[in-house]
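Right, one structure below, let's go through it.
Values in this text are rule-based calculations from the coordinates and carry no lab data. What you see is a predicted model, and the numbers here were worked out from it, not measured in a lab. Every residue, glycine among them, receives a Cβ derived from its backbone with ideal geometry; neighbour counts consider all protein chains shown.
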Amino acid sequence: MRKLLLIMMLALPLLVACGGSEDGDSSTVEGAGDVLATIAGKDITRADLDAELEKIPPFQRQEFETPKGRAQFLERMLDMEALYSAASEAGMEKDQDVLDEIEYARRQIMMKHFYKKHIEEMAAPEEDQITGYYENNLEQFAEKDKVKARMILAENAAKAEALRVRIQGGEDFVELAGTENLDGSLKNEKGDLGWFTQDGYVRSVGVNKEFTAKVFQLNSGDVGGPYEIKDKGWALVKVEEKQAAYQKDLDEVREEIERRLLPQVREEFYKKRLRELREQYGATVVSDALDEIGSPEELFQLAQDTRDPQERIGFYKKLVEKFGDSEQADRAQFMIGFVYSEELQDSTNAKASFEDFLTLYPNSDLAKDAEYMIRALSGEVQELEP
């Protein structure tokens, strides 16, 4: 299956060390504790499988949460372990290309952890930024009048009136809401509508200002109705609580404001720190490297070497623009969508980029993968292909 192979190949560096045992038999093990399979003298345990699944992005991981999916993932782990064992036996750890990639990976890992510890964890909004955001966006932190209520829905006015009489006679509204409700979901929740505002959405009703206006006229503990709800039936409503509109104070919303400000603050701190580090280490631009780039391979490598996702996208886009017919162009266009999706969590631009990919390179080997990414970004859940 193409999408499974793509995921496993992207995860190839993660799937080559799954523990060790005494046996060299390559066979799936059942009834042996946590051991799921063995290969080349190594055990693959349930914990190994779970750990590797955790390394896959959530929207891809859901493909492997069924027994069938986990079994397929285990088979691919065995494939990857077989490749690793063969590569090790062939002495690839001494190959210069391998050593170069290891050095590249070492640099990337060091930069990643430096960024986390010395930039990401140190960046935080200042008090004046928090206060300023609060004062300039008071309407975002204003709570409207709202009520908490329960509802019994009946098929006609006569049935609703009969229920109202029973309630007036002492029967419990909540119990009747759980036995006499026309609405199945409300019956399961004993009529609970939760909290809602006068102009907001109401569970099982929708946005219905005529209905909410009547409910808001009731006091806590009152039972109102029957009220006709078009195309649904007739309703009795009991108001359980009412809350008057109020302005949330700064302390109440401080954490929310900090979360909203953090991405911008972190980005500004990152750029400031980069300027300081460039000055500290004497960075000097001696020529316009982009104008002198002579091949798509150089552009692709620049993109791979760049830590900043936006800069990486810029290099990929330049490659597609300048060398649209090269062997690297379809990979570059695919990676634009991948970076938007996985690193920037920007599903809109990611989806658009994969759609551009299919327009520009419909015959590419990655076309099926682009189609899969579009489906995943659209929230579609596809069954694993056999």
Full-extension gain between L262 and R61, please, as 0.36 nm times their residue separation minus the C-alpha to C-alpha distance.
69.6 nm
For I119 and T359, calculate 0.36 nm times their separation in residues minus their Cα-Cα distance, and state this gained length in nm to one decimal.
82.5 nm
Here the gain from full extension of L99 to Y201, 0.36 nm per residue of separation minus their alpha-carbon distance, amounts to 30.7 nm
Please state the Cα pair-distance histogram of region 285-377 with 10 angstrom bins from zero: what percent is in each bin?
18, 49, 27, 5, 1
Please sort by residue number the chymotrypsin sites (Phe, Trp or Tyr not before Pro) in region 63-156 whose DSSP state is loop and whose Cβ has at most 11 other Cβ atoms within 10 Å.
none
Of all the C-alpha pairs in region 68-151, what % are more than 18 Å from each other?
76
With a Förster radius of 30 Å, plug the Cβ-Cβ distance of E371 and E343 into 1/(1 + (r/R0)^6) and report the FRET value to the nearest 0.05.
0.90
Per-selection Kirkwood Rh - region 145-198 (Cα, Å, 1 d.p.):
11.5
Ellipticity estimate at 222 nm from DSSP helix runs (n ≥ 4, -39,500 (n - 2.57)) divided over the chain, nearest 500:
-16500 deg cm²/dmol
Which Rg and Dmax, in Å, describe the Cα atoms of region 205-307?
30.2, 80
Report the net charge of residues surrounding L186, where surrounding means a beta-carbon distance below 13 angstrom and charges are Lys +1, Arg +1, Asp -1, Glu -1.
+2
When only alpha-carbon atoms count, how far does the chain stretch along each of its three principal axes, as whole angstroms with the largest first?
88, 60, 42
Listed with the fewest Cβ neighbours within 10 Å leading, S341, S364, S88 appear as S88, S364, S341
Taking the alpha-carbon centroid of each part, what is the distance from region 298-354 to region 113-164 in angstrom?
36
Can you tell me the 0 to 90 degree angle between the C-alpha axis of helix 250-280 and the longest principal axis of the chain, rounded to 10?
20
Rounded to the nearest 10 degrees, what's the angle between the helix 157-168 long axis and the longest principal axis of the chain, both from Cα atoms, 0 to 90?
80
Using 1/(1 + (r/R0)^6) with R0 = 51 angstrom and r between the beta carbons of E276 and N219, what's the FRET efficiency to the nearest 0.05?
0.25
Can you compute the modelled spin-label distance between K232 and E210, with each label point 7 Å from Cα toward Cβ, in nm?
1.3
Near F323, within a Cβ-to-Cβ distance under 13 Å, what is the net charge of the other residues, with Lys and Arg +1 and Asp and Glu -1?
-2
Fewest-first ranking of W234, W195, using other Cβ atoms within 10 Å as the exposure measure
W195, W234
May I ask you to derive the relative contact order of the chain, considering only C-alpha pairs under 8 Å and at least 6 residues apart, and to give it as an integer percent?
13
Calculate log10 I(q)/I(0) of region 132-232 for q = 0.17, 0.22, 0.23 Å⁻¹, where I(q) comes from the Debye formula with a single equal point scatterer on each Cα and nothing for solvent.
-0.77, -1.24, -1.34
